[in-house]
Amino acid sequence: MPPVDFCGMELAHPIVNGSGTFDAIAAHAVFGDALHEHFPFAAFVSKTITIAPRAGNPPPRLWETASGMINSIGLPNKGLAGYLESDLPKLAALPVPLITNVMGSTAAELCELVAACDEQDAIRAIELNVSCPNVKTGLDIGADPVSLAEVMRAVRPRTRKPLIVKLTPNTADVALVAAAAEAEGADAVSLINTLRATAQKPGASGEPWLGGVTGGMSGPAVRAVALAQVSAVAARVSIPVIGMGGVQRGEHAAQMLRAGATLVAVGTESFRDPAAGSRIARELRRLLEP
Ligand SMILES: Cc1cc2nc3c(=O)[nH]c(=O)nc-3n(C[C@H](O)[C@H](O)[C@H](O)COP(=O)(O)O)c2cc1C
């Protein structure tokens, strides 16, 4: 399997992690330098960083569905200053390029995050998590091509680093949103983020199980939806696509590549098997080089 060029980065293989699904700092604390010697991904995507620290949602935060799960973690993070001061030096030591994922509820917040990342040599690319309600409209920024285009026009000039827009599947026409991102200068798009979902407490109360009421569904249950959305987006745009959603095996990654993805991200599967990234890359290599 030849190395992959992605936005000017030479990656050893096409498998990366989905934001928020692999804690490289915690993994290093457990596995030590062995983690760096056998790092499961060809690039590392940080979990979402916001300007202010966030505590996340109250528990319970997880619900198992048929062939998948709903998480309502609520993006806990140390905030921009905490990330730069305490996490970035550790993530900079990883043996692969670092992509930092950021989220803001206004264009101004996103501009501040992107400008701060732009100053950091250790950050090779920036992923915008646009699954966040716009404070003006209440709609997710990434659900609406007009709102996304407006944000991109403000954010794009703030960095020369590659900008990846992480698309939400919770929209009527994801390819239209991807086209808006490309038209406003995105270097790549990634999809899918989680599907909005909820669960009730067992029994007849009808009360929500999750502390955050709704959450995002991921895992094998969403794979067919992800494949359809990745195909639709890859057919619509000329920039590279990172495909994800329910990838568990090399065969699933190969399907994402055939659908037009350049890279494939592994998310929920890493909770079951922390070495899933390396295993899937190995399986993919065997499939592509029979
Ligand atoms: C526990 C959990 C936390 C996540 N955190 C983030 C996050 O911080 N930022 C983000 O953009 N996506 C986040 N995601 C979404 C994943 O990166 C990915 O888009 C989604 O889970 C679909 O892939 P999968 O089915 O392989 O998990 C999270 C997903 C899970 C399951």
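The values are calculated or read from the model by the stated rules, or taken from the named source; none is laboratory data. Please read all numbers here as calculations on a predicted model, not as lab measurements. Because the Cβ atoms are built from the backbone with ideal geometry, glycine has one as well, and the counts that use them run over all protein chains shown. Note: accessible area is taken over every heavy atom of the protein model, side chains too, but ligands, DNA and RNA are not part of it. Shrake-Rupley method; radii C 1.70, N 1.55, O 1.52, S 1.80 Å.
Counting the residues of the range 60-100 that are more than 12 Å from the ligand (Cβ to nearest atom), assigned to a loop (DSSP other than H, G, I, E, B) and of a type in the set (A, V, I, L, M, F, W, C) gives 4.
Give me the residue from the range 7-24 that is within 11 Å of the ligand (Cβ to nearest atom) and in a loop (DSSP other than H, G, I, E, B) and, out of that set, least open to solvent (accessible area, probe 1.4 Å).
Taking the range 7-24 and keeping what is within 11 Å of the ligand (Cβ to nearest atom), we get 16-23.
Checking the rest, the ones that are also in a loop (DSSP other than H, G, I, E, B) come to 18-23.
Details: Gly18: 4, Ser19: 25, Gly20: 49, Thr21: 26, Phe22: 27, Asp23: 90 Å².
In this case the residue turns out to be Gly18.
Against the conditions (1) more than 22 Å from Trp63 (Cα to Cα); (2) within 14 Å of the ligand (Cβ to nearest atom), Ala183 satisfies every one except (2).
From the list Pro40, Pro58, pick out the single residue that is open to solvent by 20 Å² or more (accessible area, probe 1.4 Å) and not hydrophobic (A, V, I, L, M, F, W, C). Give the derivation first.
Working: Pro40 fails: open to solvent by 20 Å² or more (accessible area, probe 1.4 Å).
Matching residue, one of Pro40, Pro58: Pro58.
Only one of the numbered conditions (1) within 13 Å of the ligand (Cβ to nearest atom); (2) open to solvent by less than 50 Å² (accessible area, probe 1.4 Å); (3) in contact (Cβ under 8 Å) with a residue 24 or more places away in the chain is not met by Ile239, and that is (1). Against the criterion of being open to solvent by less than 10 Å² (accessible area, probe 1.4 Å) and assigned to a loop (DSSP other than H, G, I, E, B), Val247 qualifies. Taking the range 113-135 as the search range and keeping residues that are among the polar types (S, T, N, Q) and assigned to a loop (DSSP other than H, G, I, E, B), which one is nearest to Asp87 (Cα to Cα)? Step by step, filter the range 113-135, then rank; the result is Gln120.
Matching residues to (1) of a type outside the set (A, V, I, L, M); (2) in contact with a helix residue (DSSP H, G or I) (Cβ under 8 Å, 6 or more places away or on another chain):
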{"site": "Val225", "(1), (2)": "no, no"}
{"site": "Ala228", "(1), (2)": "no, no"}
{"site": "Ala235", "(1), (2)": "no, yes"}
{"site": "Gly243", "(1), (2)": "yes, yes"}
{"site": "Gln248", "(1), (2)": "yes, yes"}
{"site": "Ala253", "(1), (2)": "no, yes"}
{"site": "Met256", "(1), (2)": "no, yes"}
{"site": "Val264", "(1), (2)": "no, yes"}
{"site": "Ala276", "(1), (2)": "no, yes"}
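Residues in the range 111-168 that are within 15 Å of Asp187 (Cα to Cα) and touching a residue at least 60 places away in the same chain (Cβ under 8 Å) were compared, and the one that is most open to solvent (accessible area, probe 1.4 Å) is Arg124. Can you tell me which residue among Ser231, Ser190 is within 30 Å of Glu251 (Cβ to Cβ) and either of a type in the set (Asp, Glu) or more than 11 Å from the ligand (Cβ to nearest atom) (or both)? Going through Ser231, Ser190 in turn, just one is within 30 Å of Glu251 (Cβ to Cβ) and either of a type in the set (Asp, Glu) or more than 11 Å from the ligand (Cβ to nearest atom) (or both): Ser231. Name the single residue, out of those in the range 33-59 being touching a residue at least 40 places away in the same chain (Cβ under 8 Å), in a loop (DSSP other than H, G, I, E, B) and within 13 Å of the ligand (Cβ to nearest atom), that is farthest from the chain's Cα centre (by Cα). Only one residue tops the list, namely Asn57.
Mind checking which residues of the range 216-228 are within 9 Å of the ligand (Cβ to nearest atom), open to solvent by 10 Å² or more (accessible area, probe 1.4 Å) and either in a strand (DSSP E or B) or free of Cβ contacts under 8 Å to residues at least 12 places away in the same chain (or both)?
Just the residues of the range 216-228 that are within 9 Å of the ligand (Cβ to nearest atom), to begin with: 216-223, 226.
With open to solvent by 10 Å² or more (accessible area, probe 1.4 Å) added as a condition, the list becomes 217-218, 220-221, 223.
Scanning the range 216-228 gives Met217, Ser218.
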